[in-house]
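Worksheet: the structure to be examined is printed underneath.
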Amino acid sequence: MALGSVQLQLYVYSGTVGSYNADDLKYTINKDRIGTDNNIVLEIGELVRDYIDITFNDDYTCHAKWVTAVVFYKDLQGDLLDHSNPSVFSYIAVDGYGFFEDEINPELSRHALITSNNIYLPEATAGKLPIFAEGVGKVTIDSSDTQITDSGDSSQKIQYITIPADSSEIKVYDTDDTTLLKTITVTNICEPKFTSYKVTFVNKYGAFQDLYFFKKSIESFDVVSESYKANTVNRSSITYSTGAAQKQITNVNATSKITLNTGFIKEDMNTTVEELMISENIYIRYQGKTLPLIPLTKSMTHKTHLNDKMINYTLEFEFAFDKINNIR
């Protein structure tokens, strides 16, 4: 019998694979075969993304979800086919992405979830390294090993390994504990003059990644308001007070901005800055709070040691909220 159509039941849920129930059914999709095509293509990435909620309060939690697709195959008359019906496919989903040159549905890193081979931290400050638990057996930081276990629960698929203060080298090993997958150099920066700011963003792997800005920062804000002309005449005396404003201001608010400088970094960090600029979820640790940011810098010229000698990036951000609290 020829394939005529499919029905897809899409479940998105937390926990262990296969632990879904009727409440986890998010979509039911029916699609017919087009012309003489031999297959039926269903794109579920954007549908699943609606159910991955990204929140961050300096807590580095995993937001991965299990996705199970139950597919029913039907013939040209709409009757169920006998072979492999239904078929069940399960995937772990994160809010990541590939670049165009990675081609369709790319397989991204399944070990260390950062592109760069460098991490910059302030002296005497610990950091975080995101790893994918399914593909890592151990992480060695200097001479200390951390064994990685995968319970199968979606909440621990992305794990954030603590980088002790003043560490120098991280090695990430495969599940056999012997095959070296990635080596990361940790550079500890002494910055006695400027305040260092930690900016955390969701990178291309769907993981939280930190980038410290060590050098000069500039804070500013823009005021927005409306105005109208008021009638200040006292109708009884037909006079007005010169102390009463004829032009009244209303709906006053402001947005704050901050301009940050990375300090001198290696050329390898170009990809990190790039991923930060195109991230939809960016946060700054500011005055003891975690606050959301929107990047205002919209263009980037990749710097190289050959062309630019010393590499420093200046980025401007807007705080993603109004200065005057108008949340009711």
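The requirement of being within 21 Å of residue 270 (Cα to Cα) and at pLDDT 95 or above is fulfilled somewhere in segment 130-148, by at least one residue.
Per the conditions (1) of a type in the set (A, V, I, L, M); (2) under 30 Å from residue 134 (Cα atoms); (3) buried (at least 16 other Cβ atoms within 10 Å of the Cβ); (4) touching a residue at least 60 places away in the same chain (Cβ under 8 Å), the sole criterion not satisfied by residue 3 is (2). For segment 173-191, filtering for residues that are outside any loop (DSSP other than H, G, I, E, B), closer than 13 Å to residue 110 by Cα and touching a residue at least 40 places away in the same chain (Cβ under 8 Å) leaves 2. Among the residues of segment 148-155, some residue qualifies, meaning at least one is surrounded by 14 or more Cβ atoms within 10 Å (Cβ to Cβ), over 18 Å from residue 60 (Cα atoms) and either among the aliphatic types (A, V, I, L, M) or assigned by TED's automatic domain parsing to the domain that holds residue 204 (or both).
Rundown of residues vs (1) part of a loop (DSSP other than H, G, I, E, B); (2) within 30 Å of residue 326 (Cα to Cα); (3) in contact with a Leu (Cβ under 6 Å, 6 or more places away or on another chain), yes/no style:
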{"site": "216", "(1), (2), (3)": "yes, no, no"}
{"site": "221", "(1), (2), (3)": "no, yes, no"}
{"site": "224", "(1), (2), (3)": "no, yes, no"}
{"site": "227", "(1), (2), (3)": "no, yes, no"}
{"site": "243", "(1), (2), (3)": "yes, yes, no"}
{"site": "253", "(1), (2), (3)": "no, yes, no"}
{"site": "260", "(1), (2), (3)": "no, yes, yes"}
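Selection of segment 174-230 for residues being at positive phi and either among the small types (Gly, Ala, Ser) or outside the structural domain of residue 273 (by TED's automatic domain parsing) (or both) yields only 206.
Listed by position, the strands (runs of 3 or more DSSP E) contained in segment 1-94 that have at least 1 residues being among the basic types (Lys, Arg), modelled with pLDDT of 95 or more and not assigned by TED's automatic domain parsing to the domain that holds residue 161 are 25-32, 65-74.
Taking the condition touching a residue at least 60 places away in the same chain (Cβ under 8 Å) and either in a strand (DSSP E or B) or loosely packed, with under 15 Cβ neighbours inside 10 Å (or both), does residue 318 pass? Considered against the rule, which asks whether it is touching a residue at least 60 places away in the same chain (Cβ under 8 Å) and either in a strand (DSSP E or B) or loosely packed, with under 15 Cβ neighbours inside 10 Å (or both), residue 318 comes out as yes.
The values are calculated or read from the model by the stated rules, or taken from the named source; none is laboratory data. Predicted model, so just to flag it, every value in this text is computed and none were measured. All Cβ positions, even for glycine, are placed from backbone atoms using ideal geometry, and neighbour counts span all protein chains on display.
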